[in-house]
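Heads up: the structure comes next, in structure tokens.
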Amino acid sequence: MTAKKSSTQIVLDALHDLHQQEQVVTRETLHELTGLKLAIIDDRIGALIEEGLAIRVQRGVFVPAEVHPPARVMSKTVLPDGTVKIDIGDQVLTLTPKEDRMLAALQAGVVMQAASIEIGRQTSALSGEVQQRLNRVERGITRALENGQEQAFKNAKDVTPDVTLEPMQITGRAPRGKSQTPGAKRVRKHRRLKKAAQSAPKT
């Protein structure tokens, strides 16, 4: 366990060193700098990415993640005379009304950035949900096609049990003894009458 932690720290230090020297960090460059096997480097890089200490910018290229100290507790209090007190951890910042407005103007870009990040997060979540539904629909259609026409009709009957479905005829003709249209019935009736007239005895 100690050796694994030590190799992880070695890879992280090498990642920072190469990045500070503005070099492209790959598994090969880490291997050359640390002397560790590529399999070990791959494992340690994966662990660093999961811990949020490294970022994969593209396939095979990595950069160290920016690690900031934990956020401090913040609060803002507006006094009756308009003075504003902003508490940040153990520090207290007292602002006049004009200074408060000036600070708000300076922070406007950060507010818009935060709103954009939230919109992007919600959009990504919605897009992922829509994609999952589309994948389920595509899988259902694929299974229906693979199971054949009979299974597809069975599924449709299960969905609409009050509807009677007849098998499709590949030749386009109706099943024997059944008519597709009223016109077909009249044609058959005319043929029967004609055949009966031809077979009747002549007087």
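The values are calculated or read from the model by the stated rules, or taken from the named source; none is laboratory data. Predicted model, so just to flag it, every value in this text is computed and none were measured. Neighbour counts are summed over all protein chains in view; Cβ atoms, including those assigned to glycine, are modelled from backbone coordinates with ideal geometry. Heavy atoms of the whole protein, side chains included, go into the accessibility calculation; ligands, DNA and RNA do not. Shrake-Rupley method; radii C 1.70, N 1.55, O 1.52, S 1.80 Å.
Points worth noting:
- Hz values of 3J(HN,Hα) by residue in the range 121-137 - Karplus curve (6.51, -1.76, 1.60), Gly and Pro given as x: 5, 5, 5, 5, 5, 5, 4, x, 5, 4, 5, 4, 5, 4, 4, 5, 5
- For the range 102-145, the fraction of alpha-carbon pairs lying more than 14 Å apart is 67 percent, rounded to a whole number.
- With a cut-off of 12 Å between beta carbons, the residues surrounding Ser127 carry a summed charge of +1, where Lys and Arg count +1 and Asp and Glu -1.
- Amide H contacts under 5 Å for Ile55, placed H, 5+ residues apart: Val63, Ala65
- When the residues Ile41, Ile88, Ile141, Ile10 are ordered by accessible surface, computed with a 1.4 Å probe over the protein chains alone, the sequence from largest down reads Ile141, Ile10, Ile88, Ile41.
- Surface share of carbon and sulfur [accessible, 1.4 angstrom probe, percent] for the range 1-116: 58 percent
- Protection proxy ranking of 192-198, 19-25 - average other beta-carbon atoms within 10 Å, highest first: 19-25, 192-198
- Reciprocal mean inverse distance between Cα atoms of the range 1-135 - Kirkwood radius, Å: 19.2 Å
- Computed from the Cβ-Cβ distance with R0 of 35 Å, the FRET efficiency linking Glu129 to Lys76 stands at 0.45.
- With Cα atoms defining each centre, the range 1-72 and the range 91-153 are spaced 29 Å apart in the structure.
- Using θ = phi - 60° and Karplus 6.51 cos²θ - 1.76 cosθ + 1.60, couplings along the range 50-61 (whole Hz; Gly, Pro as x): 5, 7, x, 9, 9, 10, 8, 6, 7, 4, x, 10
- Residues Asp43, Asp100, ordered by accessible area of protein heavy atoms at a 1.4 angstrom probe radius and largest first, appear as Asp43, Asp100.
- Prolate/oblate/rounded label for the range 1-52 (Cα gyration tensor, a/c 1.5): prolate
- Per-residue surface analysis assigns Ser6 an accessible area of about 60 Å², computed on protein heavy atoms at 1.4 Å probe radius.
- Measuring with a 1.4 angstrom probe and ignoring ligands and nucleic acids, Arg139 comes out at about 120 Å² accessible.
- The range 35-112, Cα convex hull volume normalised per residue, Å³: 148 Å³
- Solvent accessible area, Å² - Thr96, 1.4 Å probe, full protein context: 70 Å²
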